[in-house]
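Shown next, in structure tokens, is the structure this report addresses.
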Amino acid sequence: MASTQGAAQVLVASNRGPVSYDVQEDGSLAARRGGGGLVSGLSAIGPDAGALWVCSALSEGDREAVRRGVGEDGVRMLAIPADVHADAYNGIANSVLWFVHHMLYQTPLEPVFDAEFRRQWASYETYNRAFAEALAEEAGEGAAVLVQDYHLCLVPGMLRELRPDLRIGHFSHTPWAPVDYFRMLPDDIQARLMEGMLGADRVAFLTWRWATAFQECAGAVDPDRWLSTWPSGAPRAIEHVQKDGTTHQERITRRTLIGVHGLGADAEFLHARSHEADVEERMAALREEIGEGRRTIVRVDRTELSKNIVRGLLAYRQLLDDHPEWRERVVHVAFAYPSRQDLAVYRDYTAEVQRVADEINSEYGTPGWTPVVLHVKDDFARSLAAYRLADVALVNPIRDGMNLVAKEVPVVSDEGCALVLSREAGAFQELGKDAIVVNPYDVIGTARALHEALSMPVEERAERTKRLAAAATALPPAQWFLEQLEALRDQAS
Ligand code: G6P
């Protein structure tokens, strides 16, 4: 049991927090607030609710803020030693767990679980323990703790040992690996991940597809210990079983419930933000770049291996080959914002995106027409401008927990936008009916879908966009967050 006990009644834990700091030239610290679903979700419970967000200090500015004791109410940053954080975040979270859940390994040579992996795993344990200890220290009696994502899989189990009085939830924003893929991990690591996650009272996912995969993995790792129950009505659960050594009788010691909460787009915020002056300015600049009377195919992503940007470009090239009538009449506006650049594989992928875009431009471009307009500098206002202008949105990930771009575009679009959507994105479950659905590996099929999307009559496009926007906003971030909190409280009381 932690020696001191805090007062927070609702706690969130995630690697990336809602605020980060930059050291200015004069040495002062400037705070930058992050965006995204979690931030708006937490703001829904209000500043007086005794809520606390525990996150990592990620930048030099963040570490400096911790050193100087600068911070925001309701946020606690953990200054985990930089080398430990790098091993846990770059090594295990982003190079192993992210790869497993998104099925990104080139399996003839990868993965290799060697001594280096074991060294990094020890850091992942240390990093998770730092979170568990901070949460144990800050949480009031019986508080609810919502742990986020694959960075912090071990926290629920560690926290339960420190503070059995807490109600602990874990939410995965990623897909969960199919059982055969998950089982590539060393057996003890699989068990460790399950022990960690199943320390929670409730584990939740963005779709039933990922929840089901998790249940299958739990059963496969140790069927004598973890038993999935599949009742026809909700809730599903995983039972923790203990066998009596002499009588061989089984006793259920605890249950972890399985939940699904499909995060939606924040309509109110997006409508307001996308009509601000800086967005209008960027729309004018983009129109200039695209050229008069041309159609646009828009994509906006972090330059992330799972987003499938290169195959998207290849599909566009195929479109220009198969349908030369589109040459000079369409522009592919691709925003690919750098991500996880500490990892060589991400840097290589970023370079490949640039290379293929350049190749298409030199192969097909004419003095008055640049077929691909690629921007890599992160600019949210410009992303919104592109959403408003888009005739077609291309969202073709290899695998994606949800994909919020697919949900944001229909909400923001000025005149309707056809959505080309991968069947492997979580958003497919809610948006599949009104999207043009693609197999993300099939470049020819994606080119065909782009042609279909570009050719869609404007009335049909507008009708579909309305229905897509309604589906996309059905579960706003505030509700997404509150529903999880309520489910956790109801379950444990
Ligand atoms: C995904 C993960 C998040 C993560 C985000 C950005 O959406 O589920 O946990 O924060 O990617 O990745 P980064 O590595 O930049 O935090």
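For the range 378-398, a residue qualifies if it is within 16 Å of the ligand (Cβ to nearest atom) and surrounded by fewer than 21 Cβ atoms within 10 Å (Cβ to Cβ), and the qualifying residues are D378, F380, I398. Among the strands (runs of 3 or more DSSP E) confined to the range 149-240, the ones with at least 3 residues that are free of Cβ contacts under 8 Å to residues at least 60 places away in the same chain and more than 24 Å from the chain's Cα centre (by Cα) are located at 226-229.
To keep it simple, each residue is scored yes or no on (1) touching a helix residue (DSSP H, G or I) at 6+ places or on another chain (Cβ under 6 Å); (2) away from the ligand (no atom under 15 Å from the Cβ); (3) not assigned by TED's automatic domain parsing to the domain that holds L206.
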| residue | (1), (2), (3) |
| --- | --- |
| A13 | yes, no, no |
| R16 | no, no, no |
| E25 | no, yes, no |
| L29 | yes, yes, no |
| G34 | no, no, no |
| S59 | no, no, no |
| R63 | no, yes, no |
| G69 | no, yes, no |
| M77 | yes, no, no |
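The listed residues are I45, I92, I80, and the only one of them that is over 26 Å from A344 (Cα atoms) and either surrounded by 21 or more Cβ atoms within 10 Å (Cβ to Cβ) or among the aliphatic types (A, V, I, L, M) (or both) turns out to be I45. Tell me yes or no: at least one residue of the range 362-369 is in the same structural domain as A277 (by TED's automatic domain parsing), under 26 Å from T465 (Cβ atoms), away from the ligand (no atom under 16 Å from the Cβ) and assigned to a loop (DSSP other than H, G, I, E, B). There is no residue in the range 362-369 that is in the same structural domain as A277 (by TED's automatic domain parsing), under 26 Å from T465 (Cβ atoms), away from the ligand (no atom under 16 Å from the Cβ) and assigned to a loop (DSSP other than H, G, I, E, B).
Candidates are the residues of the range 284-293 that are free of Cβ contacts under 8 Å to residues at least 60 places away in the same chain and charged (D, E, K, R); the one that is farthest from the ligand (Cβ to nearest atom) is E292. The range 25-100 holds strands (runs of 3 or more DSSP E) entirely within its bounds, and those carrying 2 or more residues that are small (G, A, S) map to 29-33, 51-56. When you scan the range 149-157, do you find a residue that is more than 16 Å from the ligand (Cβ to nearest atom), over 19 Å from P223 (Cα atoms) and among the charged types (D, E, K, R), even just one? Scanning the range 149-157, I find no residue that is more than 16 Å from the ligand (Cβ to nearest atom), over 19 Å from P223 (Cα atoms) and among the charged types (D, E, K, R), so the answer is no.
Every residue in the range 294-310 that is more than 16 Å from the ligand (Cβ to nearest atom) and either part of a helix (DSSP H, G or I) or in contact with a His (Cβ under 9 Å, 6 or more places away or on another chain) (or both), please.
Correct list: T296, I297, V298, R299, V310.
If you check E276, E288, E281 for being more than 30 Å from L38 (Cβ to Cβ) and either loosely packed, with under 13 Cβ neighbours inside 10 Å or over 27 Å from the mean Cα position of the chain (by Cα) (or both), only one passes: E288. Is the range 104-114 home to any residue that is under 26 Å from E304 (Cα atoms), within 16 Å of the ligand (Cβ to nearest atom) and at pLDDT 95 or above? For the range 104-114, residues under 26 Å from E304 (Cα atoms), within 16 Å of the ligand (Cβ to nearest atom) and at pLDDT 95 or above: present. Scanning the range 305-344 for residues that are free of Cβ contacts under 8 Å to residues at least 40 places away in the same chain and among the aliphatic types (A, V, I, L, M) turns up just one, A344.
Checked against the criterion of being more than 30 Å from G91 (Cβ to Cβ) and either surrounded by 15 or more Cβ atoms within 10 Å (Cβ to Cβ) or of a type in the set (V, I, T) (or both), the candidates Y337, Y346, Y316 yield just one match: Y316.
With respect to the conditions (1) in contact with a helix residue (DSSP H, G or I) (Cβ under 6 Å, 6 or more places away or on another chain); (2) within 16 Å of the ligand (Cβ to nearest atom); (3) not in a helix (DSSP H, G or I), Y127 lacks only one, and its number is (3). In the set (1) small (G, A, S); (2) closer than 25 Å to E415 by Cα; (3) within 16 Å of the ligand (Cβ to nearest atom), A344 fails one condition alone, (2).
The values are calculated or read from the model by the stated rules, or taken from the named source; none is laboratory data. Here the structure is a predicted model, which means the values were calculated and not measured. Cβ: placed from backbone, ideal geometry, glycine included. Neighbour counts: every protein chain shown.
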